[in-house]
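Okay, so here's the structure we're looking at.
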Amino acid sequence: MSCRSFAAVLSAAALSTALSACSDSSAPPALTFHNVTALATRVESIDHAVATAALRGLSGLATPIKNAGIDVHNMSTDLLGRTMEWGLIHGELLFTDRAGAPADAIRLILYKTDSTFRPAYPLAEVGYADLYPHNTYNGGGPDSTSLRFVVFAKGSMGDVVVANFLAHSHADASCQCATVDGWVSDGGGTRLDFSVPYDIPVGGDGNFPGEFSVATPKLDFQQLSTLPGPGRSTATANLTLAVDGDTITTLSGLLHAHAGQLDGDVEMRINGEHFALVTRSGTSIAATGPNGRSLTGNELRAVTALFALSADIAYYIEWPTFVVYFCGC
């Protein structure tokens with residue numbers, strides 16, 4: 001080959017490489033979170049405050065409380081100052097002679113749960129919840145009924161308050177309407193404050209549109225749940241938050257309670273654009289991202305935490321309130 005021909009070949013190759021580089025650089029970047037590692041770590045820490053063993057224990061006992069005939073409207077003064085514990089023989093909550101309950105509250109002993117979301121055998125206490133009612137027995141009325149939940153976790157340094165929230169009603173003939181205000185904590189550095197005005201149409205599902213906030217570092221987000229009314233067994237849990245330049249939205253399908261958590265499918269969107277479909281079933285979670293690729297690493301951590309946070313708010317905070325305060329279930 002002559003020097004001139006060889007130079008022509010090199011020139012053509014260089015042009016092809018340059019065109020390819022231009023083409024690659026003009027392609028839109030793959031859709032993902034701006035700071036995926038920080039997002040995953042942050043959301044995981046918030047969910048740890050929502051999904052403490054004590055709050056899980058409270059949620060697991062919500063239906064047994066109802067089955068024992070206890071809700072805010074019939075917490076009479078003769079029941080206050082007493083303690084409820086799990087009875088192994090019949091698998092139910094019972095009032096016992098155990099001392100220590102506040103004079104103006106019912107104390108509920110909380111336990112580690114098993115795959116049925118009931119106290120595991122042998123019983124292992126993880127904390128207790130003191131329920132403070134304000135109802136017709138002690139001066140409350142239709143628009144001034146309330147129930148405070150103060151939840152303690154057992155720790156090596158003693159009992160620690162990990163949740164304190166108040167459900168208080170609003171008079172409305174068309175629905176059972178209330179607001180839940182308060183906070184939950186991991187017992188350490190992460191605290192989540194919230195205000196959730198909710199309503200239960202007669203015979204319908206409970207609607208829980210809430211505002212949530214973490215003070216340090218500051219993060220505000222919204223979460224919307226629906227919880228099952230009479231004859232139904234499915235929930236939804238949606239989340240919207242803005243962080244590091246991303247507006248993240250989770251949109252759930254119908255979620256089913258299974259082994260102490262809500263399972264099902266959730267779509268994840270970033271700035272309004274579809275990012276992933278996340279499926280949780282028991283201990284298994286899978287996420288399909290853009291162009292059908294399976295998410296792994298920190299992307300999978302992030303979507304797993306986002307799914308868990310929204311579902312856990314619904315199941316571990318809102319569900320006990322729904323059942324014990326206004327039971328539309």
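Worth a mention:
- This model, with +1 at the C-beta of Lys and Arg and -1 at the C-beta of Asp and Glu, gives the chain a dipole about its Cα centre of some 740 debye.
- For the range 71-205, relative contact order (Cα pairs under 8 Å, six or more residues apart, normalised by length) works out to 14 percent.
- Nearest 10 degrees, 0 to 90: helix 3-26 Cα axis against the chain principal axis: 20 degrees
- For the chain, relative contact order (Cα pairs under 8 Å, six or more residues apart, normalised by length) works out to 16 percent.
- Reported to the nearest whole Å, the Cα centre-to-centre distance from the range 231-301 to the range 117-131 is 29.
- Test item: Cα-centred dipole of the range 198-329, Lys/Arg +1 and Asp/Glu -1 on Cβ, debye: 240 debye
- Given charges at beta-carbon only (K, R positive; D, E negative), |dipole| of the range 71-127 in Debye: 140 debye
- Every pair of different Cα atoms in the range 134-276 enters the Kirkwood calculation, which places the hydrodynamic radius at 17.4 Å.
- Where Rh is the Kirkwood radius over Cα pairs, Rg/Rh for the range 202-318: 0.97
- Computed over the range 175-233: relative contact order in percent, which uses C-alpha pairs under 8 Å that are six or more apart: 27 percent
- Heavy atoms of the protein chains alone define the surface here; on that basis the chain has 46 Å² accessible area per residue at 1.4 Å probe size.
- Extents of the range 63-181, largest first, come to 45, 34, 28 Å (Cα atoms, principal axes, whole angstrom).
- Within the accessible area of the chain (1.4 Å probe), percent carbon and sulfur: 56 percent
- Only helices enter this figure: runs of n ≥ 4 DSSP H residues, each worth -39500 (n - 2.57), summed and divided by the residues of the chain, yield -7000 deg cm²/dmol at 222 nm to the nearest 500.
- Quick note on the chain: its Rg to Rh ratio, both from C-alpha atoms and Rh being the Kirkwood radius, is 1.16.
The values are calculated or read from the model by the stated rules, or taken from the named source; none is laboratory data. For clarity, every value in this text was computed on a predicted model and none was experimentally measured. Cβ atoms come from the backbone with ideal geometry, glycine included; neighbour counts cover every protein chain shown. For accessibility, only protein heavy atoms count, side chains too; no ligands or nucleic acids. Shrake-Rupley method; radii C 1.70, N 1.55, O 1.52, S 1.80 Å.
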